[in-house]
Amino acid sequence: MTAIEVDRLSHVYAGAEGGVPALQDISLKVEAGKFVVIVGPSGCGKTSLLMMLAGLRHQSQGTILCDGRPIADPDPSRVGVVFQEASLFPWLTALDNTEFPLALRGGPREERRRRAEQMLNLVGLEGFGARYPHELSGGMKQRVSIARGLVQDPPVLLMDEPFAALDEQTRMTMGHELLRIWSQTRKTVVFITHSLTEAVYLADEVLVMSPRPGRIIDRVPIPLPRPRTYEMMATDTFGQLRERIWQQIRKTE
Amino acid sequence: MSQVQIVSARLALFAAVLAAWALLPTYGVVDPRLLPPLGDVLSMLARQLGRPQVHEAIGITALEVIVAFIIAVPIGAALGVLAAENDYFGQIFKPMLFYVFSVPKSIFLPMFILVFGIGFPQKVAYAAFSTVFIVIMSATAAVESVKQDHVLVARSCGATRGQILLRIYVPSMMPVLLETLRISMIFNFTGVMIAEMYASRTGIGHLIANWGENFQMPELFSGVILLAAVAIAFNEAVRLLEGRVSKWRT
Amino acid sequence: MRRPAPSTVRWGLLVALLVLWELLPGTKLIPELFLPSLSKTLTVLWIDRAEYAHALMVTLYEVAIAMLIACGAGILVGALVGGIAVLRNLMLPVFSSLYAVPIVILYPIFTAWFGIGSESKIAFAGIYGFFPVMLSTAAGIRTIDPQYLLAARSMGATLPQQITRVIIPASIPTVLAGLRLGGALTIIGVVVSEMLTSSAGIGYLVTRYRTILDSPHVFAAILMILLLSILFDLLARAVERRTLVWQTAGRREKAGAAATPAMPAPAPV
């Protein structure tokens with residue numbers, strides 16, 4: 001079953017002299033339950049693409065379907081979003097932050113609290129609900145951010161370089177954690193990163209984008225077995241896959 | 001230094017100043033006609049606080065402060081928000097605002113007197129005038145302090161415009177708003193004082209100016225202490241509130 | 001239609017204001033008593049230029065001395081308070097609380113002590129300008145990037161060398177901004193005190209002509225004060241711009257936010 005279908009998507013930013021082409025003729029299909037990673041040089045438009053998948057920006061041309069229905073506006077019950085900066089609201093506790101999308105909808109308080117607590121437990125933050133963001137580490141803040149993205153149980157989770165602001169060790173731990181959460185919830189994940197190692201480690205398939213105007217220039221399936229382990233990073237297969245992606249990116253420079 | 005040590009040191013400093021004020025004039029080190037001993041000033045203050053004339057003056061001043069504030073804050077806030085939200089408007093007026101602050105607003109006091117005469121409306125109008133600019137500037141800063149990242153997150157959670165305003169803008173701006181309140185009041189109070197001291201027949205400012213002219217030093221100092229105490233009390237009260245609301249602010 | 005540039009709009013507004021100042025007074029909308037026309041104001045200023053020049057001299061003299069005191073003492077005390085941690089923790093919050101008190105209420109004390117001549121104005125305006133200079137110097141010293149000092153020490157700089165070669169140059173931008181503010185406040189302090197109780201100076205002229213309802217003369221004086229403040233501001237900013245090149249260097253980002261409460265808001269006057 002196809003969770004996400006993008007058909008001939010193009011986008012041009014308004015500007016002087018006809019505008020700046022950002023994305024060019026992007027078509028892709030993501031099967032439900034798959035973990036797809038997008039890599040590409042800075043400025044290639046991967047974040048823009050993600051914004052459009054989330055309904056936060058409207059594309060100039062082309063369609064985006066999620067579960068068969070078009071994406072027009074942000075809908076956290078269909079698409080959850082996790083940003084690079086955790087962007088937790090500093091005046092709310094971790095629990096309140098997680099609960100935020102539910103609070104927007106209204107509904108019984110008890111129900112919302114319970115759900116939010118469930119999510120915090122899922123991301124490994126049981127008992128931290130009453131803490132404020134300034135009392136949490138970078139990794140913990142991102143976990144709350146993930147919990148918030150998942151709180152309405154959307155089938156799709158979009159993640160824009162969520163671990164970029166973390167140090168390498170935390171990053172590796174978080175990646176591992178993310179895979180655990182993913183295997184428990186079976187969401188469809190679209191993940192953007194700059195790190196090729198991270199991409200190969202996490203993905204079922206890696207999509208490589210060209211510099212602006214962004215196009216998909218390669219799809220690299222990752223046949224490594226699951227669950228992934230750190231040891232796999234030292235194998236030849238891992239190295240070859242990463243090398244392939246790197247060569248694709250280098251060709252476009 | 002620990003917090004306790006700091007506070008005690010400050011108290012000790014304060015006590016030393018008070019002691020000097022009490023002793024130096026009493027022993028003739030400083031001319032007691034120019035600087036009445038602290039004891040005299042305090043007993044004079046107690047006496048003044050009992051006089052109906054003083055009550056009336058306090059009441060008038062308080063009313064002027066409140067009314068001017070009620071006028072200046074909404075107008076300033078509206079303009080400030082406009083300057084923050086509307087880029088064009090903001091770009092035109094923001095640089096002008098800085099020049100406004102280097103100009104003494106008190107020079108426009110005669111204008112207000114010429115238009116309103118001497119009295120309650122003139123003082124209120126002038127005080128509101130001298131306050132509105134800082135409110136504008138602070139309101140602009142408050143709106144601009146809201147992080148666009150947060151707005152984006154809220155949108156990704158499906159928030160409507162109204163929800164974004166209520167759940168993101170308001171909590172984000174709260175600490176700055178309180179600070180605005182506090183600083184605007186300082187400006188407001190100063191404006192009222194100047195107006196009362198310059199040309200007025202009523203109010204505490206007028207009383208003080210009068211006492212000064214007539215060399216009634218104990219009365220003058222008692223008035224100054226009273227005003228200083230009220231100003232500081234209000235300021236600290238709002239600051240405490242600010243502290244409570246800003247625990248999350250980096 | 002493309003929107004005109006903001007600076008064009010600003011100049012346009014200024015010109016429009018001047019035009020209105022010339023045309024509206026004397027009409028039903030604005031009686032001449034409230035606001036005499038621009039030409040009348042300028043005419044009066046020209047005719048009585050000797051009187052105004054003399055008053056300006058007095059005012060400038062008071063401003064100059066008060067500025068010397070305010071800036072000199074402000075920088076010195078500010079450097080001490082900012083540099084010495086004990087003093088800083090002790091005194092800074094005290095000063096920032098004192099900022100809430102309208103300093104103008106102290107002016108009658110000064111007239112009682114020093115009379116209505118220049119001394120009381122200088123004393124009052126001196127204090128008025130002292131606080132912002134002191135607070136911004138203290139803030140400037142505090143927010144010097146510790147990395148600079150670390151680098152200097154690692155290169156073997158002695159304490160006097162650290163002060164002269166790192167601390168002073170790094171704090172110049174903030175000190176200059178404080179001087180600009182302090183200078184503006186000194187001018188304001190002199191003008192206010194001259195308006196309140198005085199026998200000479202531009203502020204005195206404002207009051208004197210107001211009491212006899214001579215609007216043109218009042219506004220001529222107001223105009224002079226406006227020009228004086230604006231000229232000073234332009235001058236101060238020009239000086240600041242010269243040092244702009246490295247102005248953003250040496251400040252910690254967070255300290256910028258923390259320094260704001262220490263730096264007072266502009267003049268409440």
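Which residues, counting only those in the range A:61-74, are surrounded by fewer than 19 Cβ atoms within 10 Å (Cβ to Cβ) and within 14 Å of chain B (Cβ to nearest Cβ)? If the condition is that a residue be surrounded by fewer than 19 Cβ atoms within 10 Å (Cβ to Cβ) and within 14 Å of chain B (Cβ to nearest Cβ), then A:Ala72, A:Asp73 are the ones that fit.
Results for (1) more than 14 Å from chain B (Cβ to nearest Cβ); (2) over 26 Å from C:Gly83 (Cα atoms); (3) part of a helix (DSSP H, G or I); (4) not hydroxyl-bearing (Ser, Thr, Tyr), shown as yes or no for each residue.
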site: C:Phe95; (1), (2), (3), (4): no, no, yes, yes
site: C:Ala100; (1), (2), (3), (4): no, no, no, yes
site: C:Tyr107; (1), (2), (3), (4): no, yes, yes, no
site: C:Lys121; (1), (2), (3), (4): no, yes, yes, yes
site: C:Pro132; (1), (2), (3), (4): no, no, yes, yes
site: C:Thr137; (1), (2), (3), (4): yes, no, yes, no
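Inside the range B:196-250, residues that are buried (at least 22 other Cβ atoms within 10 Å of the Cβ), small (Gly, Ala, Ser) and facing chain C (nearest Cβ under 10 Å) make up a count of 6. Cβ-Cβ distances below 7 Å connect the following pairs, each with a first residue in the range C:111-138 that is without any contact (Cβ under 8 Å) to a residue 12 or more places away in the chain, a second residue that is assigned to a helix (DSSP H, G or I) and not aliphatic (A, V, I, L, M), and a separation of six or more residues or different chains: C:Ala112/B:Gly212; C:Phe114/C:Ser120. Return the residues of the range B:151-166 that are crowded, with 21+ Cβ neighbours inside 10 Å and either within 14 Å of chain C (Cβ to nearest Cβ) or in a helix (DSSP H, G or I) (or both); say none if nothing qualifies. Result: B:Val153, B:Ala154, B:Ser156.
Restricting A:Arg143, A:Arg113 to residues that are among the basic types (Lys, Arg), assigned to a helix (DSSP H, G or I), outside the structural domain of A:Leu158 (by TED's automatic domain parsing) and without any contact (Cβ under 8 Å) to a residue 24 or more places away in the chain narrows the list to A:Arg113.
When you go through (1) touching a helix residue (DSSP H, G or I) at 6+ places or on another chain (Cβ under 9 Å); (2) closer than 21 Å to A:Tyr230 by Cβ one by one for A:Glu168, which number turns out not to apply? Here A:Glu168 clears every test but (1). Give the residues of the range B:15-34 that are surrounded by fewer than 13 Cβ atoms within 10 Å (Cβ to Cβ) and part of a helix (DSSP H, G or I), sorted by residue number. Residues satisfying the conditions are B:Ala15, B:Ala16, B:Val17, B:Leu18, B:Ala19. Quick check on my filter: what residues within the range C:130-147 are of a type outside the set (A, V, I, L, M) and at pLDDT below 90? Selection gives C:Phe131, C:Pro132, C:Ser136, C:Thr137, C:Gly140, C:Arg142, C:Thr143, C:Asp145, C:Pro146, C:Gln147. Annotation note: of A:Gly127, A:Gly55, A:Gly106, the sole residue that is in the same structural domain as A:Tyr201 (by TED's automatic domain parsing) and of a type outside the set (Lys, Arg) is A:Gly55.
Of all residues in the range C:116-126, those being under 14 Å from C:Ile187 (Cβ atoms) and hydrophobic (A, V, I, L, M, F, W, C) number 3. Here B:Arg155 clears all of (1) free of Cβ contacts under 8 Å to residues at least 12 places away in the same chain; (2) under 23 Å from B:Leu79 (Cβ atoms); (3) among the basic types (Lys, Arg) except the condition numbered (2).
Checking every residue in the range C:164-184 against the condition of being without any contact (Cβ under 8 Å) to a residue 12 or more places away in the chain and not polar (S, T, N, Q) gives at least one match. Checked against the criterion of being without any contact (Cβ under 8 Å) to a residue 24 or more places away in the chain and among the charged types (D, E, K, R), the range C:26-33 has at least one qualifying residue. With the structure loaded, tell me whether C:Gly178 is of a type in the set (Gly, Ala, Ser) and farther than 23 Å from B:His206 by Cβ or whether it fails that test. Considered against the rule, which asks whether it is of a type in the set (Gly, Ala, Ser) and farther than 23 Å from B:His206 by Cβ, C:Gly178 comes out as yes. Does B:Ser184 satisfy being within 12 Å of chain C (Cβ to nearest Cβ), modelled with pLDDT of 90 or more, crowded, with 21+ Cβ neighbours inside 10 Å and part of a loop (DSSP other than H, G, I, E, B)? No, not satisfied. C:Ile116 satisfies every condition listed in (1) modelled with pLDDT under 80; (2) surrounded by fewer than 20 Cβ atoms within 10 Å (Cβ to Cβ) except (1).
For the structure I just gave you, tell me whether B:Leu177 is assigned to a helix (DSSP H, G or I) and more than 18 Å from the chain's Cα centre (by Cα). No, not satisfied.
Do we find a residue being within 14 Å of chain B (Cβ to nearest Cβ), exposed (fewer than 14 other Cβ atoms within 10 Å of the Cβ) and more than 30 Å from B:Phe234 (Cα to Cα) anywhere in the range C:31-51? Walk me through it before giving the result.
Step one: filter the range C:31-51 for residues within 14 Å of chain B (Cβ to nearest Cβ), giving C:31-36, C:41.
Right, trim to exposed (fewer than 14 other Cβ atoms within 10 Å of the Cβ) and you get C:32-33.
Cutting the leftovers down to more than 30 Å from B:Phe234 (Cα to Cα) gives us C:32-33.
Yes; the residues of the range C:31-51 include at least one that is within 14 Å of chain B (Cβ to nearest Cβ), exposed (fewer than 14 other Cβ atoms within 10 Å of the Cβ) and more than 30 Å from B:Phe234 (Cα to Cα).
For the range A:75-86, a residue qualifies if it is within 17 Å of A:Leu102 (Cα to Cα), within 13 Å of the chain's Cα centre (by Cα) and more than 8 Å from chain B (Cβ to nearest Cβ), and the qualifying residues are A:Val79, A:Gly80, A:Val82. When the residues of the range C:170-187 are filtered to those that are under 12 Å from C:Met67 (Cβ atoms) and of a type in the set (Val, Ile, Thr), the one that is surrounded by the most Cβ atoms within 10 Å (Cβ to Cβ) is C:Thr186. Look at the range B:48-71: where a residue is assigned to a helix (DSSP H, G or I) and a partner is surrounded by 14 or more Cβ atoms within 10 Å (Cβ to Cβ) and among the charged types (D, E, K, R), sitting 6+ places away or on another chain with Cβ atoms under 6 Å, you get B:Glu64/B:Lys123.
For the range C:191-215, the tally of residues that are touching a residue at least 24 places away in the same chain (Cβ under 8 Å) and in contact with a Phe, Trp or Tyr (Cβ under 8 Å, 6 or more places away or on another chain) stands at 9. Looking across B:Gln91, B:Gln148, B:Gln53, one residue alone is more than 22 Å from the chain's Cα centre (by Cα), within 30 Å of B:Tyr169 (Cβ to Cβ), more than 13 Å from chain C (Cβ to nearest Cβ) and surrounded by fewer than 18 Cβ atoms within 10 Å (Cβ to Cβ). It is B:Gln148. Of everything listed in (1) surrounded by fewer than 17 Cβ atoms within 10 Å (Cβ to Cβ); (2) among the β-branched types (Val, Ile, Thr); (3) closer than 22 Å to C:Phe232 by Cβ, the single unmet condition for C:Val58 is (1).
In the set (1) free of Cβ contacts under 8 Å to residues at least 24 places away in the same chain; (2) farther than 27 Å from B:Tyr198 by Cβ, the condition left unmet by C:Ser96 is number (1). Inspect all residues belonging to the range C:141-148 and state whether any of them is away from every other protein chain (no Cβ under 14 Å), farther than 25 Å from C:Ala64 by Cβ and either of a type in the set (Ser, Thr, Tyr) or within 19 Å of the chain's Cα centre (by Cα) (or both). Yes.
Here the condition is being assigned by TED's automatic domain parsing to the domain that holds A:Ala32 and crowded, with 22+ Cβ neighbours inside 10 Å; of A:Phe163, A:Phe238, it holds for A:Phe163 alone.
With the condition kept exactly as written, say whether any residue in the range C:72-88 is in a loop (DSSP other than H, G, I, E, B) and under 26 Å from the mean Cα position of the chain (by Cα). No, the range C:72-88 has no match at all.
The values are calculated or read from the model by the stated rules, or taken from the named source; none is laboratory data. This structure is a prediction, so every number in the text was calculated from the model and none was measured. Using ideal geometry, Cβ is built from the backbone for each residue, glycine included, and neighbour counts are taken over all protein chains shown.
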